[in-house]
Amino acid sequence: MTPRRPYSLLARYYDQLTRGAPRMNRLAREKVLRGILPRVRTVCDLGCGTGTAAIELARRRRRVYALDFSPEMVRLARRKVRRLPLRLRSRLHLRRADIRAFRLPERVELVTCEFATLNHVPHKSDLALVCRAVARALRPGGWFLFDINTPKGFAEQTPGGHWVDRRDFKLVMHGHWDARRSLCALDLEWFLPARSAGGPRGRLWRHMHERVNHVAWSNAELRRTLRRAGFRRLRVWDGVDVRPPMPGARRGYDTYYLAQKPQQRSQR
Ligand SMILES: C[S@@+](CC[C@H](N)C(=O)[O-])C[C@H]1O[C@@H](n2cnc3c(N)ncnc32)[C@H](O)[C@@H]1O
């Protein structure tokens, strides 16, 4: 068994494994940002993965910065971007960066952090770093939109053994939720075709392991940290109220936050 850098295999199969996510993200984004999104000209998508949302946002003539820490995710996003027409490509700025310590060449009107990317930072204390970096990246009056899985969601949904069986890969996901520390370790057991193998009736599979760690915060911790980073005018939605209906979706599992940076320093 070969231990892997997190997201390296996940990146390779990410779009296959998350087919419904782009539509879900788009519908939720449009609902939460109704009245705001049409006016936005500059965006930064944090933890952009393979770049699907960033490309969608750039199609509406916006300048989009898209950041991700995983070299594989960024490589795959770049590959998608290279296939786009030049006028669209020129509006997309993809970079490998850590959402806890990023800086942009200009201040933007909107920062997005979708599909529970914020849960992927390693430590609880990282929330404050991300919020401060976002506040720095936004223009006065700019918006920060993110969705997050809740402690209840992790407690009730962390898989004991979820099995994905595809022709070109098999995957078993099993996790451990530590309620005391609000940490979830999700182990991905990949079975990929072994290159040299292949008998007449089947294939040999190579086992590889990848671990993706998650952190969760209470609503009170999130509100407090956003306020300390300078955000005001906070709105919160339960996932079931903004996402398209999904089997198994329950109230309290995931939450959408929209926070605004004040227009002026003195605004409270
Ligand atoms: C669940 S995926 C979401 C990807 C994308 N936003 C989407 O909607 O499909 C989480 C992403 O966060 C990235 N990520 C994790 N930790 C990060 C960090 N500290 N800085 C930047 N990106 C990070 C991962 O590489 C991964 O692409």
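Given the condition crowded, with 19+ Cβ neighbours inside 10 Å, in contact with a Gly (Cβ under 9 Å, 6 or more places away or on another chain) and of a type in the set (S, T, N, Q), answer yes or no: does some residue in segment 232-255 qualify? Yes, segment 232-255 contains a residue that is crowded, with 19+ Cβ neighbours inside 10 Å, in contact with a Gly (Cβ under 9 Å, 6 or more places away or on another chain) and of a type in the set (S, T, N, Q). Screening V43 against (1) crowded, with 22+ Cβ neighbours inside 10 Å; (2) in a helix (DSSP H, G or I); (3) aliphatic (A, V, I, L, M) leaves a single unmet condition, (2). Just one of the listed residues (T42, T112) is within 12 Å of the ligand (Cβ to nearest atom), polar (S, T, N, Q) and not assigned by TED's automatic domain parsing to the domain that holds D178, namely T112.
Would you tally the residues in segment 5-22 being near the ligand (Cβ under 8 Å from one of its atoms) and not aliphatic (A, V, I, L, M)? Steps first, answer last, please.
Quick first cut of segment 5-22, residues near the ligand (Cβ under 8 Å from one of its atoms) only: 6-7, 10-11, 14, 18, 21-22.
Keeping just the survivors that are not aliphatic (A, V, I, L, M) gives 6-7, 14, 18, 22.
Going through segment 5-22 one residue at a time, the tally reaches 5.
Condition check ((1) surrounded by fewer than 14 Cβ atoms within 10 Å (Cβ to Cβ); (2) outside any strand (DSSP E or B); (3) touching a residue at least 24 places away in the same chain (Cβ under 8 Å)) across all residues:
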{"site": "R139", "(1), (2), (3)": "no, no, yes"}
{"site": "F146", "(1), (2), (3)": "no, no, yes"}
{"site": "K152", "(1), (2), (3)": "no, yes, yes"}
{"site": "W163", "(1), (2), (3)": "yes, no, no"}
{"site": "R167", "(1), (2), (3)": "yes, yes, no"}
{"site": "L171", "(1), (2), (3)": "no, no, yes"}
{"site": "H174", "(1), (2), (3)": "no, no, no"}
{"site": "W177", "(1), (2), (3)": "no, no, no"}
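The sole residue among V74, V130 that is within 15 Å of the chain's Cα centre (by Cα), closer than 26 Å to P38 by Cα and in a helix (DSSP H, G or I) is V130. Residue-level check: of (1) under 22 Å from L9 (Cβ atoms); (2) surrounded by 14 or more Cβ atoms within 10 Å (Cβ to Cβ); (3) in contact with an Asp or Glu (Cβ under 7 Å, 6 or more places away or on another chain), W205 misses just (3). Within segment 94-108, residues that are over 20 Å from V121 (Cα atoms) and in the same structural domain as L76 (by TED's automatic domain parsing) sit with their Cβ atoms under 7 Å from residues that are within 12 Å of the ligand (Cβ to nearest atom) and not in a loop (DSSP other than H, G, I, E, B), at 6+ positions apart or across chains, in these pairs: V108/C44.
So, in segment 215-248, exactly how many residues are within 23 Å of R23 (Cβ to Cβ) and assigned to a strand (DSSP E or B)? Residues that pass the stated criteria total 4. The set of residues from segment 82-121 being more than 21 Å from A137 (Cβ to Cβ) and either within 17 Å of the chain's Cα centre (by Cα) or part of a helix (DSSP H, G or I) (or both) comprises R82, L86, R87, L88, R89.
The values are calculated or read from the model by the stated rules, or taken from the named source; none is laboratory data. Since the model is a prediction, treat every value here as computed from it, not as a measurement. When we count neighbours, we look across all protein chains shown, and the Cβ atoms used for this are built from the backbone with ideal geometry, even at glycine.
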